[in-house]
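Chemist: Here it is, the structure, as structure tokens.
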């Protein structure tokens with residue numbers, strides 16, 4: 001399956017297939033230097049394939065720590081200095097092989113090396129179906145996630161689904177949160193469809209049929225980012241569940257999607273309060289628990305800490321915290337939400353979990 | 001005097017006037033937060049004016065080391081973390097008040113803070129007539145100058161010529177190198193005009209009539225960068241004198257323009273060898289010495305060290321070192337130059353200085 005962005009210029013293909021890596025050569029023939037930047041866990045599990053690639057393209061190879069651990073300023077500095085020690089020219093292509101963090105990190109290196117070189121995303125996780133598309137790149141600050149970065153488009157996204165076979169289940173549900181979020185942003189039918197296709201941990205861990213939902217998720221995301229690349233308006237919708245989710249992720253150091261799912265429940269509670277909705281919170285809690293999300297961790301959280309973190313969210317404006325809320329399934333809006341409602345939604349979330 | 005870029009979109013004004021700062025308010029009314037980032041020397045000399053600005057716009061104020069000392073990764077990290085501690089939103093404008101280094105550094109902060117916020121250049125030196133226009137921003141690597149950075153346009157360039165009155169003469173000639181380079185890229189008439197207007201240190205130190213040449217220099221630069229923002233082709237011409245110049249600057253730690261003038265002489269010698277030209281090297285040496293450029297420093301240089309640095313130049317490609325050479329005044333080309341010619345041009349430069 002192949003998609004293509006539809007910007008006015010500088011478009012890039014998104015290939016979502018098993019054995020997609022075999023097509024990589026089409027996109028890197030014109031470069032003087034190729035550098036593979038590889039998540040260490042992916043490297044351990046796929047060493048022969050990656051060594052083959054390195055040899056085939058006479059590529060430099062940099063193996064980086066798994067996950068968010070790589071997205072620090074110290075590691076950014078040491079890696080960009082390492083790249084510069086290769087005496088690269090601008091005719092260089094960096095290839096990110098790993099999950100979202102690898103892509104974010106490599107993309108930020110590409111955006112800032114010699115004032116910008118090309119890069120290609122080779123996502124290896126379900127979560128990265130989301131992060132590899134759309135050109136958001138960056139690293140973390142001590143003040144919060146992704147606060148240092150850029151908008152910088154890849155030259156291609158080569159999503160080889162073979163990689164998913166070695167994902168631990170905890171990574172599967174982390175990624176599924178964004179797939180599910182894309183269904184929430186589409187319509188009720190998409191939501192019903194995905195919930196009935198993956199009713200529980202058994203079905204989700206098999207990954208049977210996931211290709212279709214990954215493709216649909218990317219399609220939903222593309223529809224939005226083509227309208228608003230730099231997140232001035234509708235792209236904010238993709239932050240559904242993320243205002244609270246990022247704060248939870250930063251506090252508990254749990255996988256991104258686990259925190260986003262918690263953020264999605266929280267959003268439904270806030271929406272109930274603001275719109276006088278009647279979202280069935282227990283349905284979501286029950287469904288997410290049946291998939292294995294660690295919702296009980298919520299009890300460890302302190303609201304004031306989360307609030308301080310939410311105040312740093314990039315969507316905020318003069319009025320304070322801005323959240324994406326669903327007016328109905330498939331109908332997101334961005335709303336200012338004040339302290340009292342945020343606080344009472346948190347209390348309500350805790351009481352739902354005690355039931 | 002006012003110029004405006006003519007890109008397809010996201011254009012910005014360039015105001016070149018005495019008291020131009022009085023117009024700043026027009027460009028910053030719509031922001032939630034304003035942060036002034038000020039070179040410490042400029043701050044010392046213009047403290048009352050800058051305090052007035054800070055108060056008027058309720059701006060945060062960050063004072064940074066003068067010159068290239070600020071363009072380190074360590075200082076980039078501490079400053080971006082400081083900015084993030086203010087809990088800024090994307091509706092923030094950074095204002096760079098200082099020379100080229102202040103602008104490069106502030107622009108790189110703006111390019112990477114929250115994936116990009118706006119910034120305005122307020123250049124305070126002659127050199128910065130060049131660097132403040134064109135959107136090149138960045139910091140230095142241990143492998144060379146400006147190797148970490150981005151192309152990122154300012155929202156406006158407010159060039160208040162009042163600042164020039166406190167420039168030490170060493171800074172005047174550093175900036176004059178780029179003004180002179182712009183004349184070299186224009187035509188013989190422009191070159192004759194500027195040489196006769198500023199025949200010696202006396203005339204140049206008075207700065208009389210400099211406005212006109214600054215304006216002309218910016219015009220020449222705009223003509224080029226509008227055609228090629230990302231330096232894929234003609235923008236490389238602006239690197240006239242810089243291949244050798246950057247290597248000299250990095251080695252001797254002398255002001256940028258002093259090194260560029262040395263690079264310009266070197267370029268004429270290389271052009272003589274490659275094109276069988278008959279550029280009058282002694283004319284340039286004599287003229288630059290009469291203006292006070294420290295050409296005798298060249299004798300301290302070791303060619304192999306310079307060659308290693310030149311190999312890291314961003315213009316290089318598969319074939320090695322690429323230099324901008326003048327086929328004639330106003331007619332630059334980019335040429336591959338091999339080791340033997342570079343070496344013999346260096347020997348020739350030394351022998352010219354002994355005369």
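Chemist: Based on other C-beta atoms within 10 Å, arrange A:75, A:105, A:52 from fewest to most.
Modeler: So the ranking, lowest neighbour count to highest, is A:52, A:75, A:105.
Chemist: Continuing with the same structure: Given label points at 7 Å from Cα along Cα→Cβ, what nm distances, shortest first, separate residue A:192 from the same residue in every other copy?
Modeler: Going from nearest to farthest copy, the values are 8.5 nm.
Chemist: At residue B:170, label 7 Å along Cα→Cβ: distances to the other copies, nm, ascending?
Modeler: 5.7
Chemist: For chain B, calculate the relative contact order in percent as a whole number, restricting contacts to Cα pairs under 8 Å that are 6 or more residues apart.
Modeler: With pairs under 8 Å counted, the relative contact order is 14 percent.
Chemist: While we're here: Report, in degrees rounded to the nearest 10, the 0 to 90 angle that the Cα long axis of helix B:256-275 makes with the longest principal axis of chain B.
Modeler: 40 degrees
Chemist: Need one number: nm distance between label points at residue A:344 and residue A:283, each 7 Å from Cα along Cα→Cβ, rounded to one decimal.
Modeler: Label-label distance for residue A:344 and residue A:283, simple model: 2.4 nm.
Chemist: Any chance you could check the Cα centroid distance between segment B:24-90 and segment A:286-335 for me, in angstrom?
Modeler: If you average the Cα positions of each part, the centres end up 33 Å apart.
Chemist: May I ask you to report, in nm to one decimal and beginning with the shortest, the distances from residue B:302 to the same position in the other copies, taking label points 7 Å along Cα-to-Cβ?
Modeler: Computed spacing set for this position: 5.8 nm.
Chemist: I would also like to ask the following. In a GNM of chain A with a 10 Å cut-off on Cα contacts, which of A:187, A:239, A:276 has the highest mean-square fluctuation?
Modeler: Comparing A:187, A:239, A:276 in the GNM, the peak value goes to A:276.
Chemist: Rounded if a/c is under 1.5, else prolate if a/b beats b/c, else oblate: with a ≥ b ≥ c from the C-alpha gyration tensor eigenvalues square-rooted, which is segment B:101-171?
Modeler: oblate
Chemist: In the Gaussian network model of chain B, springs joining C-alpha atoms below 10 Å, which of B:80, B:262, B:97 carries the largest mean-square fluctuation?
Modeler: Greatest mean-square fluctuation among the candidates belongs to B:80.
Chemist: Would you please classify the overall shape of chain A from the alpha carbon gyration tensor, given that a ≥ b ≥ c denote the square roots of the eigenvalues, rounded means a/c under 1.5, and beyond that prolate means a/b larger than b/c while oblate covers the rest? The partial results should precede the final answer.
Modeler: Values: a/c = 1.83, a/b = 1.58, b/c = 1.16.
Verdict is prolate for chain A.
Chemist: Say R0 is 60 Å: what FRET efficiency, to the nearest 0.05, do residue A:228 and residue B:252 get from their beta-carbon distance?
Modeler: That gives a FRET efficiency of 0.80.
Chemist: Over segment B:2-166, what is the percentage of antiparallel beta bridges among all DSSP beta bridges, to the nearest 5?
Modeler: 25 percent
Chemist: State, to one decimal in nm, how far the label point of residue B:85 lies from the label point of residue A:75, with both points 7 Å from Cα in the Cβ direction.
Modeler: 2.5 nm
Chemist: Label-point separation (nm) for residue B:195 and residue B:29, each offset 7 Å from Cα along Cα-to-Cβ?
Modeler: Taking the two extended label points, one gets 4.9 nm.
Chemist: Taking neighbour Cβ counts within 10 Å as the exposure measure, how do A:303, B:163, A:346 sort from fewest upward?
Modeler: A:303, A:346, B:163
Chemist: I need the shape label for segment B:2-166. Rule: rounded when a/c is under 1.5, else prolate if a/b > b/c, else oblate, with a, b, c from the alpha carbon gyration tensor.
Modeler: Judged from the Cα gyration tensor, segment B:2-166 comes out rounded (a/c under 1.5).
Chemist: Running a GNM on chain B with Cα contacts under 10 Å, which residue among B:96, B:247, B:232 ends up with the highest mean-square fluctuation?
Modeler: Fluctuation is largest for B:232.
Chemist: Sticking with this structure for a sec: So what's segment B:224-284 giving for Cα Rg divided by 2.2 N^0.38 Å, two decimals? Each step should come with its number before you reach the end.
Modeler: Numbers: Rg = 13.1 Å, N = 61, 2.2 N^0.38 = 10.5 Å.
Output field value: 1.25.
Where a number appears in this text, it was derived from the coordinates with a stated rule and is not lab data. Everything numeric in this text was worked out from a predicted model, so none of it was measured. Note that each Cβ is placed from the backbone with ideal geometry, even for glycine, and that neighbours are counted across all protein chains shown.
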